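The values are calculated or read from the model by the stated rules, or taken from the named source; none is laboratory data. Bear in mind the structure is a predicted one, so any value in this text is a computation, not a measurement. FYI the Cβ positions are ideal-geometry reconstructions off the backbone, even for glycines, and counts take in every protein chain you see. Each accessible area value is taken on the protein alone, full model and side chains, heavy atoms only, with ligands, DNA and RNA left out. Shrake-Rupley method; radii C 1.70, N 1.55, O 1.52, S 1.80 Å.
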Amino acid sequence: MIKTWGVIGTIRHFTCLLFGIALMAASVALAKIALLGTSPISSIPNVLSELTPLTIGEWTMFYMFLLIFLEWVVLRRYFSWGNVIQLIPSLFFGVMIDWFVHLFHFIKLPNYGVQLGLTLISIVLLAFGVFFEVNSRTLMMAGEGITAAFSFRVKIAFARMKVRADVTMVIVAIAISLIFGHQLIGVREGTILSALLSGRIVGLIEAHLPRLTAWVRETKSEPVTEQIVDEQ
């Protein structure tokens, strides 16, 4: 794929990837500050950051290592260096989360309305981040990688498997908070809103901004979610 892009095209695609990851990291940071729960993929690191001295970014990096190990368990002989390389954007994601948390530390939360508004902004940012990350057609992070691995092994469409993966992550996050924190920590209405809205917003972006979608993809081929399954 990269061979067909040329130098300028490759730079553009990877720039879109980094931009998407940065938007996603900003989204997680805003959700963390809003205190109404993060997206499903960040729910476990968020809960663990509330229960331990480690930051959400540090836990995200550990979590991504774990997900890639699970990819190896699921894929076995189909596991390749392409899966290992997922560490690079995943580690960048964790570092950027902590950077944005520090950058946004000045934000005040005078009332619930501000918390909810900040959460909704974070969901929109997440959707745009996912849009750029996936449509860059370069590397995927471990969160999408583990979904693609299960999708490939059990022959279920990526979109359907993504819903199941998100639900599983939220359930695990709730279990961790109840077992070790003895109360519900880090998983709230913002987590549910993110799960319900982010994917739909990505769809709206692709449907209503076709020129942007075509520019990022630089192709008129099949949807990227289908490509992910096929390339596995």
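Checking the condition modelled with pLDDT of 95 or more and in contact with a Leu (Cβ under 7 Å, 6 or more places away or on another chain), which residue from 59, 99 passes?
Working: 99 fails: in contact with a Leu (Cβ under 7 Å, 6 or more places away or on another chain).
One residue alone meets the criteria, 59.
Residues in region 31-58 that are closer than 12 Å to residue 98 by Cα, open to solvent by less than 10 Å² (accessible area, probe 1.4 Å) and either part of a loop (DSSP other than H, G, I, E, B) or among the aliphatic types (A, V, I, L, M) (or both): 56 only. Among the residues of region 23-64, those that are under 22 Å from residue 107 (Cβ atoms), over 15 Å from the mean Cα position of the chain (by Cα) and β-branched (Val, Ile, Thr) comprise 33, 47, 55.
Can you tell me which residue within region 118-154, out of those that are in contact with a Lys or Arg (Cβ under 7 Å, 6 or more places away or on another chain) and part of a helix (DSSP H, G or I), is nearest to residue 209 (Cα to Cα)? Per the criteria, the residue is 135. Number of residues in region 46-62 that are in contact (Cβ under 8 Å) with a residue 40 or more places away in the chain and either in contact with an Asp or Glu (Cβ under 8 Å, 6 or more places away or on another chain) or not hydrophobic (A, V, I, L, M, F, W, C) (or both) equals 7.
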